[in-house]
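Notes follow once the structure below has been shown.
The values are calculated or read from the model by the stated rules, or taken from the named source; none is laboratory data. Everything numeric here is computed off the predicted structure, so don't read it as measured data. Here the Cβ is made from the backbone with ideal geometry for all residues, glycine too, and neighbour counts use every protein chain on show.
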Amino acid sequence: MLKKPSLRTSLLLITAGFLILSEILAHYPSIITPTERLDYAARDVAMRLRGVQEPDERIVIVAIDDFSFNWTGYSWPWSRAYLAEIVQTLNDSGAKIIGIDVMLFEEDPEGDVALAEAFSQTPLSVNVVQKYTDHQGIPSIRLPQAIYRDIFDGLGTTEILLDDDAVARSFKVHDEHQGVDYFNWAFEIARLSQNADPITEFSSSGITLNSERIPLQDNHFLVNFHGPAGTYPTYSAAQVALGDYPAENFKDKIVLIGATSVTLQDIYPTPFSSRNRTSGVEIVANTVDALLNHSYLRVIPLWVSILFILLAALLSPLILRSPRPSVRILLMFGSMLIYGIVYYLAFSQLGLYLSFMAPETMLFLGVIMPTLEQALSQEIEKRRVRNLFSRFISPEMVTQLIATQDINSLNKRSEITVLFSDIRGFTTLSEKLTPDGVVSLLNPYLDMMTKVVHKHGGTVDKYEGDAILAFFGEPVRHEDHALRAARAALDMRLALVKLTNAWEKAGVLPENFIFDIGIGLNSGDVFVGLLGSEERINYTIIGDNVNLAARLQDLSKAYGWSMIISESTQKQITDEFETEFIEAVRVKGKSKAVNIYKLLGKKEDM
């Protein structure tokens, strides 16, 4: 028969299963999991820790910025003839490739001729297309005016993607329309700069450019950002048109023309900043840089992520072998830190994104949950002990007892004072009462006497019918145990008076019955501890001195005094209580006579 897994093992398996499921679901584009969102944040932190990278000096940006808008009177779209001036200035400066992120869909007869003429003099040029859905819901592509189509060396899409947290980390690489493949214009620029053939080999996981396989993530290219906005050399378009920059700024350069002004809303939050947003044209510059210098980013396969989760799940029990919680926590955070360093090195040195949150969460919960489960088990055990001892001793004593956290220390030999009390003639009385009548008398009596014992720090060992066996001095040690027992004996007598008065008024007691008790006190060495079986256990006392207390209670009937104490108890209470020597008597179980005394009361009350 298979052994039922422990709660700790069950928690570990459930956590691992949940995290593995989360990793599997994260590979579906339509599903965003909590670990996936946190992984985005981890990737951003790793990129910021790596810091700003030196950009490729071959790439520059001509920005349609706020200054340019101001210079042109905040009019948009600009005249194509004005764009032609900018392009011609770049041609004259010796630009190698010009990519322009400006839609040239509408007709501008005079301007189109001038701009087409300017681009015809450009060694290599790229423009953008726009994918849209028409009023019938049919996808379509907007192309530049026909006058440009034979002039531009490449046409590309511009779709920058925002992740679920509204941060741009990738863009869509490929679109297809009516059998024609369109790739992002960053790929077209990179292809032309390397004199590579048009792209023909591609899939959702990779694309081949200039005989090199470039990794993709579900048809998305992960942008390896070199820094925040402004990392690449940026020149104002209006100042380019005015000739304010030297020609060497653009000579043999890849020049990207695009909007950086907030007005045109082509700016995006990136891993480097959500406030100082980066323009779409600079995101393209980062991409071209990555393609030219082969600095790609990749995400590990799903099976590797699952393997890391399982390794973290296996490491957790090893950490839990340490008996000290502080060492466990130290080892856990140390392991998490080591994995964080491995994660960072894999990214910074290899451009590889490992799964971060799922393994770290597995390691954290794999240690914390069993630790909490252990703490919960200990709390349950404490409650069990509390419930056990609350039946015998006061709640305050239980609290002190649980604070020891060592139940085995309860088993000991100790000098204590034993109190044995019994109701006089209760057996005869019970024969005259109904069972309900016996219960209605006995339960209130036992309840009140127990409260008195607890009040003085005593422990109720057991009830034997109407008899009560209690002791003082354990499990919480009190050196004045004899005094406490004597005080409890007197208070039991006083409590009995109040109880019998209430019963007499209620007419509960039978006629001519005097409800009275006898009490015996003895101090001495006994065994005290937990005795019993797995099913039932009691905290009890054993020893000859226990029996002597019971014998003294019996003698209280013969001597007509309700509280009889032994000499060992009398010696410990003489400073506070008045006692009277009775005689030395030989009691059952004792070979020598025992000196016995009457407990009269407190000296201050005599």
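List of remarks:
- Selection status of residue 461, out of contact with any Lys or Arg (no Cβ under 6 Å at 6 or more places or on another chain), at pLDDT 85 or above and buried (at least 16 other Cβ atoms within 10 Å of the Cβ): yes
- Members of region 595-606 that are at pLDDT below 90 and of a type outside the set (Asp, Glu): 603, 606
- Candidates 422, 461, 447 - the one that is of a type in the set (Asp, Glu) and part of a helix (DSSP H, G or I): 447
- Listed conditions (1) farther than 30 Å from residue 195 by Cβ; (2) not assigned by TED's automatic domain parsing to the domain that holds residue 17 are all met by residue 305, apart from (2).
- Residue list for region 559-571, filter: surrounded by fewer than 20 Cβ atoms within 10 Å (Cβ to Cβ) and touching a strand residue (DSSP E or B) at 6+ places or on another chain (Cβ under 9 Å): 559, 561, 567, 568, 571
- Exclusive hit being within 60 Å of the chain's Cα centre (by Cα), within 20 Å of residue 155 (Cα to Cα) and modelled with pLDDT under 95, set 65, 101, 112: 101
- Test: residue in region 528-548 that is closer than 19 Å to residue 492 by Cα and either touching a residue at least 12 places away in the same chain (Cβ under 8 Å) or not small (Gly, Ala, Ser) (or both): no
- Scanning region 236-253 for any residue that is closer than 21 Å to residue 84 by Cβ, among the charged types (D, E, K, R) and touching an Asp or Glu at 6+ places or on another chain (Cβ under 9 Å) turns up at least one such residue.
- Out of 153, 134, sole residue that is acidic (Asp, Glu) and at pLDDT 85 or above: 153
- Looking at 549, 470, 506, just one residue is under 22 Å from residue 441 (Cβ atoms) and surrounded by 22 or more Cβ atoms within 10 Å (Cβ to Cβ), and that residue is 470.
- Any strands (runs of 3 or more DSSP E) falling wholly within region 151-260 and containing at least 3 residues that are in contact (Cβ under 8 Å) with a residue 40 or more places away in the chain: 160-162, 168-172, 174-177, 212-215, 220-222, 234-236, 254-259
- Between 596, 519, 565, 514, the distinction of being closer than 21 Å to residue 460 by Cα, aliphatic (A, V, I, L, M) and more than 60 Å from the chain's Cα centre (by Cα) belongs to 565 only.
- Complete set of residues in region 522-556 that are acidic (Asp, Glu) and over 44 Å from the mean Cα position of the chain (by Cα): 525, 544, 554
- Of all residues in region 188-201, exactly one satisfies the criterion of being at pLDDT 90 or above, surrounded by 12 or more Cβ atoms within 10 Å (Cβ to Cβ) and either over 19 Å from residue 60 (Cα atoms) or touching a His at 6+ places or on another chain (Cβ under 9 Å) (or both), namely 196.
- The residues in region 45-76 that are assigned to a loop (DSSP other than H, G, I, E, B) and among the polar types (S, T, N, Q) can be counted, and the count is 3.
- Test: residue in region 62-80 that is of a type in the set (Lys, Arg), surrounded by fewer than 18 Cβ atoms within 10 Å (Cβ to Cβ) and touching an Asp or Glu at 6+ places or on another chain (Cβ under 9 Å): no
- All of 281, 304, 288 fail the test of being surrounded by fewer than 22 Cβ atoms within 10 Å (Cβ to Cβ) and β-branched (Val, Ile, Thr), apart from 304.
- Pairing each residue of region 412-428 that is assigned by TED's automatic domain parsing to the domain that holds residue 539 with any residue that is polar (S, T, N, Q) and assigned to a strand (DSSP E or B), provided the two are 6+ apart or on different chains, yields C-beta distances under 8 Å for 415/523; 416/523; 417/522; 417/523; 418/522; 418/523.
- Residue 40 vs. criteria among the aromatic types (Phe, Trp, Tyr) and not assigned by TED's automatic domain parsing to the domain that holds residue 177: yes
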